[in-house]
Amino acid sequence: MKQIRKRSSVPIYITSAVWLLYCIFFPLYKPSHYMFLIIVGVASYVLFSKLFPGKIITVEIPEEPVTTGDAQIDALYKEGQLAISEMERLRSTISEPEVRIKIDKLINVTGRIFDDVLEDHSDYSKVERFSGYFLPATLKLLNAYDRMSGQGIEGENISGTLRRIEEILDTTIAAYEKQLDALFANQALDIETDIDVLEAMLKREGLSEKDF
């Protein structure tokens, strides 16, 4: 989002009117007359531009698409962003505060899952499976909640279904967080290896804590 100032057209109209009136009531047969006309016009425009500064409007600037050079990764990431946009839309239409909080958590974890595949392409298959199975089911439930909660009635079927969706969202959030944690398994293993190597080097050089 970006804020820009939209200039008012009022100063232009007033300046044009000033010029027109000047041409009607004052002579224009010397260079000095034309110079004075220009000065009057500029002064008029500056004055009324301050009186009518226009208004500030907010415009949405489309973000540049994320590209990694890998068509599969890029397509998967885009799919994730579309899913997140749909969650955000549903969050804005669902009025239940607790459900909105749960959707916020889903949005946060989902975003981090898809950010991971940008950094670690080896996680592609895991994130693709997540995107192909879990995300569609979650969005389907949220859309159902949105439709049913908007009916304005509290029948047994509607209330029971809404309650079950609210309950399963807690389980879904936990599953999403577990999925995110699993994506860092490779990185955790690499870090453990680095730690072991560093400890061995320190011990070999007589610089480990035990040596002191």
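The residue of segment 147-192 that is modelled with the lowest pLDDT, among those that are outside any helix (DSSP H, G or I) and over 28 Å from LYS126 (Cα atoms), is ILE153. Of all the residues in segment 135-174, those that are out of contact with any helix residue (DSSP H, G or I) (no Cβ under 7 Å at 6 or more places or on another chain) and under 19 Å from LEU76 (Cβ atoms) number 2. Scanning segment 89-119 for residues that are more than 20 Å from ALA175 (Cβ to Cβ) and not aliphatic (A, V, I, L, M) yields ARG89, SER92, THR93, SER95, GLU96, PRO97, GLU119. Of all residues being of a type in the set (Ser, Thr, Tyr) and surrounded by fewer than 16 Cβ atoms within 10 Å (Cβ to Cβ) in segment 107-127, which is nearest to LYS78 (Cα to Cα)? Just the residue, please. Only one residue fits best here, namely TYR124. Can you find a residue that is over 30 Å from SER85 (Cα atoms), under 35 Å from the mean Cα position of the chain (by Cα) and at pLDDT 80 or above anywhere in segment 8-31? Taking every residue of segment 8-31 in turn, at least one turns out to be over 30 Å from SER85 (Cα atoms), under 35 Å from the mean Cα position of the chain (by Cα) and at pLDDT 80 or above.
Per-residue answers, yes or no, for (1) in the same structural domain as ALA182 (by TED's automatic domain parsing); (2) assigned to a helix (DSSP H, G or I); (3) surrounded by 14 or more Cβ atoms within 10 Å (Cβ to Cβ); (4) not hydrophobic (A, V, I, L, M, F, W, C):
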residue	(1), (2), (3), (4)
GLY80	yes, yes, yes, yes
ARG89	yes, yes, no, yes
SER92	yes, yes, no, yes
LYS102	yes, yes, yes, yes
LYS105	yes, yes, yes, yes
ARG129	yes, yes, no, yes
LEU135	yes, yes, yes, no
LEU142	yes, yes, yes, no
TYR145	yes, yes, yes, yes
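The condition of being modelled with pLDDT of 90 or more and either assigned to a helix (DSSP H, G or I) or in contact with a helix residue (DSSP H, G or I) (Cβ under 6 Å, 6 or more places away or on another chain) (or both) holds for only one of SER85, SER122, that being SER85.
The values are calculated or read from the model by the stated rules, or taken from the named source; none is laboratory data. The structure displayed is predicted, hence computed values, not measured ones. Note: ideal-geometry Cβ built from the backbone for every residue, glycine included; neighbour counts use all protein chains shown.
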